[in-house]
1. Please enumerate the residues belonging to segment 38-58 that are open to solvent by 50 Å² or more (accessible area, probe 1.4 Å) and under 24 Å from L113 (Cβ atoms).
2. Taking E64 as the residue in question, decide whether it is open to solvent by 80 Å² or more (accessible area, probe 1.4 Å), free of Cβ contacts under 8 Å to residues at least 40 places away in the same chain and within 19 Å of R107 (Cβ to Cβ).
3. Of all residues being within 17 Å of G89 (Cα to Cα) and open to solvent by less than 70 Å² (accessible area, probe 1.4 Å) in segment 25-37, which is nearest to the chain's Cα centre (by Cα)? Just the residue, please.
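The values are calculated or read from the model by the stated rules, or taken from the named source; none is laboratory data. Note that the coordinates shown come from a computational prediction; the quantities given were computed from them, not determined experimentally. Note: ideal-geometry Cβ built from the backbone for every residue, glycine included; neighbour counts use all protein chains shown. When the accessible area is computed, the model is the full protein with side chains, heavy atoms only, and any ligands, DNA or RNA have been set aside. Shrake-Rupley method; radii C 1.70, N 1.55, O 1.52, S 1.80 Å.
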Amino acid sequence: MVRADKLFIGGDFNGHIGATSWEYDDVHGGFGFGDRNGGGTSLLDFARAFDLVIENSSFPKKREHLVTFRSLVDETQIDYLLCRKSYRGLCMGFKVIPSENLSTFHRLLVMDLEITRKRRNRMMYSQHRIKWGALTEAKVQELGVKLVTMGAWRTSGNASAIWTTTVQCIREAARDILWVSKGYSGGHKGD
């Protein structure tokens with residue numbers, strides 16, 4: 001199954017995944033902080049169950065850049081960034097930014113992502129387009145006469161059939177009088 005959505009989860013999980021990836025090599029990158037506890041094991045099990053990886057354990061960092069919670073008596077890593085395993089290549093790194101607000105002990109955790117937008121294929125490359133910019137007062141008169149002779153304004157039949165006939169007549173007459181361009185020209189669809 002191919003997933004088009006990109007899932008990223010970040011938060012304070014209050015668990016310690018530990019410094020090593022022991023038994024969790026598929027979800028823990030091997031660069032953590034401290035010792036694993038029950039909450040950290042639960043987070044690692046969650047990541048494994050939902051095919052996620054803990055990205056801020058995937059990059060070697062100095063101790064001060066791994067700590068996401070610091071108080072006067074302790075420092076720990078309890079804030080994590082998770083993403084789908086299939087998109088782990090999008091993560092270019094992460095940063096821990098010290099808080100300037102003295103009321104919180106959490107430090108801001110930021111993930112650097114490289115996401116490129118895919119260009120959509122243009123379907124209109126080989127279609128010829130009516131040169132509506134060539135419409136002058138004289139050509140309007142010529143177009144009007146041609147539409148009347150073609151029966152573009154007939155009023156019998158159901159509305160859908162009348163509309164279809166009128167549109168076809170307008171396109172055909174415009175192609176004859178205004179000519180057409182070749183190839184793709186801008187983002188306009190249709191005539």
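1. We begin by selecting, within segment 38-58, every residue open to solvent by 50 Å² or more (accessible area, probe 1.4 Å); these are 38, 42, 45-46, 48-51.
Result: F46, R48, A49, F50, D51.
2. Working: open to solvent by 80 Å² or more (accessible area, probe 1.4 Å): yes; free of Cβ contacts under 8 Å to residues at least 40 places away in the same chain: yes; within 19 Å of R107 (Cβ to Cβ): yes.
Considered against the rule, which asks whether it is open to solvent by 80 Å² or more (accessible area, probe 1.4 Å), free of Cβ contacts under 8 Å to residues at least 40 places away in the same chain and within 19 Å of R107 (Cβ to Cβ), E64 comes out as yes.
3. So the first thing to find is which residues in segment 25-37 are within 17 Å of G89 (Cα to Cα), and the list is 25-31.
Those still in the list that are open to solvent by less than 70 Å² (accessible area, probe 1.4 Å) too: 26-30.
On the way: D26: 26, V27: 24, H28: 26, G29: 26, G30: 29 Å.
Taking the candidates together, the pick is V27.
Every residue, every condition in (1) at positive phi; (2) more than 27 Å from the chain's Cα centre (by Cα); (3) not polar (S, T, N, Q), yes or no:
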| position | (1), (2), (3) |
| --- | --- |
| I9 | no, no, yes |
| F13 | no, no, yes |
| H16 | no, yes, yes |
| T20 | no, yes, no |
| E23 | yes, yes, yes |
| S42 | no, yes, no |
| F46 | no, no, yes |
| D51 | yes, no, yes |
| F59 | no, no, yes |
